[in-house]
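The values are calculated or read from the model by the stated rules, or taken from the named source; none is laboratory data. All figures in this text were calculated on a predicted structure; none of them were measured in a lab. FYI the Cβ positions are ideal-geometry reconstructions off the backbone, even for glycines, and counts take in every protein chain you see.
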Amino acid sequence: MMKSYKFAHIADCHVGAWRDEKMRQLNLNTFSETIDTIIAENVDFVLISGDLFNTAVPSIEALKLVTEKLHQLKMADIPVYGIAGSHDYSATGKSMLEVLEKAKLFQNVMKGDVVEGKIKLSFTRDEKTEVKLCGIYGRRGALEKKYYEDLDYESIEKETGEKIFLFHSGIKEFDPENHGESQSLSFLPKGFRYYAGGHVHFRFAKKLEEYGTIVFPGPTCPNNYKEILELKSGSFCIVSVNEEDKKVIVETKTTKFPEVLHVDISGENLSTTKIGEEFTEKTKNASNKLVLVTIKGKLEAGSITDFSKLIVCPEAFSTLRNTSQLKNPEFEKEMTEHRDINEIEKEVISEHIEESTLNDREGKEMLKEKQIEIILASLTRLAQTKLDGETSADFEERIVQEYKKIL
Ligand SMILES: [Mn+2]
């Protein structure tokens, strides 16, 4: 018989993210405070739906903090269950998550065997609540799709008891902007009480008839310029499941974040002086705020292009500049700051796609959109590394096979 239980659901903490010193510190502090709140909430366990770290091998600073906070959870008798995300996953298995797992500070719930070509997931059981957990990690370029294709749905769907599924993928039906190569809802196994999602950095909660409650808590701290503007702060969820009516109550908590001041400067013939003046005028009341400056249009010939010393507001919490839509006539190229690598790749490829002539099997040139898609998919496939114990020949064969699928 199930009892009422309560847990915290966090995702996309990206601990160690940000180059900007103040933002990096904010990201660390936010993670620390999030765990403090979770401990104070007296939950039964914590779920981390991927991207705990910003990279598979994080900095000592990031690792130190996460280890300390996970240890505090352990001391408070709160187990932590999770999966890897597209950022902290590593094909070679050399992920810091494995180290934390060895230290018994974290339990990876993506466990199972391959039986006759099918992936049979096994459940991790939480001792105190008897809740059963399993999940599938996320990989860069949504390579996890393969795991869902081979997943033995029946065996996990027919499992009885209270079940939670952890995943790190976008759901097409609930993500019109397609933040992260979303998949159709049907990839989720049916009949779980709760679906703990990660990967798409926005807040979402919905109860579905055949499924259960599907939740994306949003990142604990916004991870880039665009997310700051969209989300205004980070967030996570505290979830209670009631014994009698099996009702799932999702409480979204926002994390502390400075007030944002967004400054837009645009023009067709922008001089450095003009930009400086407009910036000073628009940041008069910027004290302790996080100033986001978008500069777009065209620079006057001969202008300085390094704004790092010029466009900065000393009394602000920090100043972040976005000049991705600013053209410098001298170089005729876009300057980029604070942007996602995937976004930059896509943009550069799209810009130069006219030079590409990929033909289909009949020798006819493919649609440019299709060519962009193939080039992007190739980048992801070719960025893979050899697995532990994999021979060079096996590695080559695997890359060739995966490559064939995108053509
Ligand atoms: Mn993420």
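Can you confirm whether ILE249 is away from the ligand (no atom under 16 Å from the Cβ), free of Cβ contacts under 8 Å to residues at least 12 places away in the same chain and farther than 23 Å from PHE31 by Cβ? I'd like the intermediate steps shown before the answer.
Numbers: away from the ligand (no atom under 16 Å from the Cβ): yes; free of Cβ contacts under 8 Å to residues at least 12 places away in the same chain: yes; farther than 23 Å from PHE31 by Cβ: yes.
So ILE249 fits the description; yes.
Out of the residues in the range 213-233 meeting the condition of being farther than 14 Å from ARG321 by Cα and hydrophobic (A, V, I, L, M, F, W, C), tell me which one is surrounded by the fewest Cβ atoms within 10 Å (Cβ to Cβ).
The qualifying residue surrounded by the fewest Cβ atoms within 10 Å (Cβ to Cβ) is LEU231.
If you scan the range 355-395, which residues turn out to be more than 26 Å from the chain's Cα centre (by Cα), at pLDDT 80 or above and among the acidic types (Asp, Glu)?
Passing the criteria: ASP360, GLU362, GLU365.
Can you tell me which of (1) more than 16 Å from the ligand (Cβ to nearest atom); (2) in contact with a Pro (Cβ under 6 Å, 6 or more places away or on another chain); (3) farther than 16 Å from LEU73 by Cα; (4) of a type outside the set (Asp, Glu) is the one GLY16 doesn't meet?
Result: GLY16 passes all but (1).
Restricting the range 33-65 to residues that are surrounded by fewer than 20 Cβ atoms within 10 Å (Cβ to Cβ), polar (S, T, N, Q) and assigned to a loop (DSSP other than H, G, I, E, B), which is farthest from the ligand (Cβ to nearest atom)?
ASN42
Among the listed residues GLU373, GLU402, GLU397, GLU390, which satisfies the condition of being among the acidic types (Asp, Glu), surrounded by 10 or more Cβ atoms within 10 Å (Cβ to Cβ) and in a loop (DSSP other than H, G, I, E, B)? Let's see the steps before the verdict.
Values: GLU373 fails: in a loop (DSSP other than H, G, I, E, B); GLU402 fails: in a loop (DSSP other than H, G, I, E, B); GLU397 fails: in a loop (DSSP other than H, G, I, E, B).
Within the list GLU373, GLU402, GLU397, GLU390, the selection yields GLU390.
Quick one: MET75 ticks every box in (1) away from the ligand (no atom under 14 Å from the Cβ); (2) under 27 Å from VAL260 (Cα atoms) bar one, so which box is it?
The single condition MET75 does not satisfy is (2).
Taking the condition part of a strand (DSSP E or B), over 19 Å from the mean Cα position of the chain (by Cα) and buried (at least 21 other Cβ atoms within 10 Å of the Cβ), does LEU121 pass? I'd like the intermediate steps shown before the answer.
Working: part of a strand (DSSP E or B): yes; over 19 Å from the mean Cα position of the chain (by Cα): yes; buried (at least 21 other Cβ atoms within 10 Å of the Cβ): yes.
Answer is yes for this residue.
From the list PHE202, PHE192, which one is touching an Asp or Glu at 6+ places or on another chain (Cβ under 9 Å) and away from the ligand (no atom under 14 Å from the Cβ)?
Working: PHE202 fails: away from the ligand (no atom under 14 Å from the Cβ).
Answer to the check: PHE192.
Just the residues that are in contact with a Cys (Cβ under 9 Å, 6 or more places away or on another chain), away from the ligand (no atom under 16 Å from the Cβ) and not in a helix (DSSP H, G or I), please, taken from the range 142-181. Please lay out each step first, then the result.
Keep residues of the range 142-181 that are in contact with a Cys (Cβ under 9 Å, 6 or more places away or on another chain), which gives 156, 159, 163-166.
Keeping just the survivors that are away from the ligand (no atom under 16 Å from the Cβ) gives 156, 159, 163-165.
Correct list: GLU159, LYS163, ILE164, PHE165.
Looking at GLY363, GLY302 in this structure, which one is within 30 Å of LEU407 (Cα to Cα) and loosely packed, with under 12 Cβ neighbours inside 10 Å?
On the way: GLY302 fails: within 30 Å of LEU407 (Cα to Cα).
GLY363 is the lone residue from the list that is within 30 Å of LEU407 (Cα to Cα) and loosely packed, with under 12 Cβ neighbours inside 10 Å.
The rows are residues; the columns are (1) in contact with a helix residue (DSSP H, G or I) (Cβ under 8 Å, 6 or more places away or on another chain); (2) closer than 15 Å to ARG140 by Cα; (3) small (Gly, Ala, Ser); (4) touching a residue at least 60 places away in the same chain (Cβ under 8 Å).
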position	(1), (2), (3), (4)
HIS352	no, no, no, no
SER356	yes, no, yes, no
ARG361	no, no, no, no
LYS370	no, no, no, no
THR380	yes, yes, no, yes
LYS386	yes, no, no, yes
SER392	no, no, yes, no
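Take LEU105 and decide whether it is more than 16 Å from the ligand (Cβ to nearest atom) and either β-branched (Val, Ile, Thr) or outside any loop (DSSP other than H, G, I, E, B) (or both). Quick ask: steps written out before the conclusion?
Details: more than 16 Å from the ligand (Cβ to nearest atom): yes; either β-branched (Val, Ile, Thr) or outside any loop (DSSP other than H, G, I, E, B) (or both): no.
The answer is no for LEU105.
Output the number of residues of the range 182-201 satisfying the condition of being under 21 Å from LYS158 (Cβ atoms), touching a residue at least 40 places away in the same chain (Cβ under 8 Å) and either part of a loop (DSSP other than H, G, I, E, B) or of a type in the set (S, T, N, Q) (or both).
Looking only at that region, the number is 1.
Conditions (1) in contact (Cβ under 8 Å) with a residue 40 or more places away in the chain; (2) crowded, with 19+ Cβ neighbours inside 10 Å; (3) of a type in the set (Phe, Trp, Tyr), marked per residue:
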position	(1), (2), (3)
HIS87	yes, yes, no
LYS94	no, no, no
PHE106	yes, yes, yes
ASP152	no, no, no
ILE156	no, yes, no
